[in-house]
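Engineer: The structure that follows is given in the form of structure tokens.
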Amino acid sequence: MGKAAKPRALKDNECKAYGKYFRTSPQKLNLLAQTIRGKNAGRAMIDLEFSKRRAAQDVRKLLQSAIANAENNHGLDVDRLVVSEATVGKTLVMKRFRARARGRAAKIEKKMSNMTIIVKETEE
């Protein structure tokens, strides 16, 4: 009597992880996404671990989550995983102000972003 199950959006050899509200701008986070896109998952983890960017540790945790989802939920081989997609989107903006001269104010926008990482098992 219930609703039919929605078909899986990804292929059988893909798995994804989604992170919300990273406290960095989408432009800065996209630079990290570019560095890991298309790389082997293990190599991408190493690159993020030794990156000097502040958001790299959050992206690394998200990539670890995608790898764990692939291994535990879908039974994919961890050694053959590749980061097929890494997309960044913008979300909330905290609006603050800074006091300026003569009673005026300047707007400060503290941007947040979301990120999606899709890992794919390659055939050898």
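Engineer: Mind pulling up the Rg/Rh value for the chain? Radius of gyration and Kirkwood radius, both on Cα.
Structural biologist: A ratio of 1.14.
Engineer: On a full-extension model of 0.36 nm per residue, what is the gain between Asp12 and Leu31, subtracting their alpha-carbon distance, rounded to one decimal in nm?
Structural biologist: Details: separation 19, 0.36 × 19 = 6.84 nm, distance 2.86 nm.
4.0 nm is the gain from fully extending Asp12 to Leu31.
Engineer: Further question on the same structure: In percent, what relative contact order does segment 14-121 have, based on Cα pairs under 8 Å that are 6 or more apart in sequence?
Structural biologist: Answer for segment 14-121 is 43 percent.
Computed from the coordinates by the stated procedures, all read-outs in this text should not be read as laboratory data. Not measured: the values here are computed from a predicted model.
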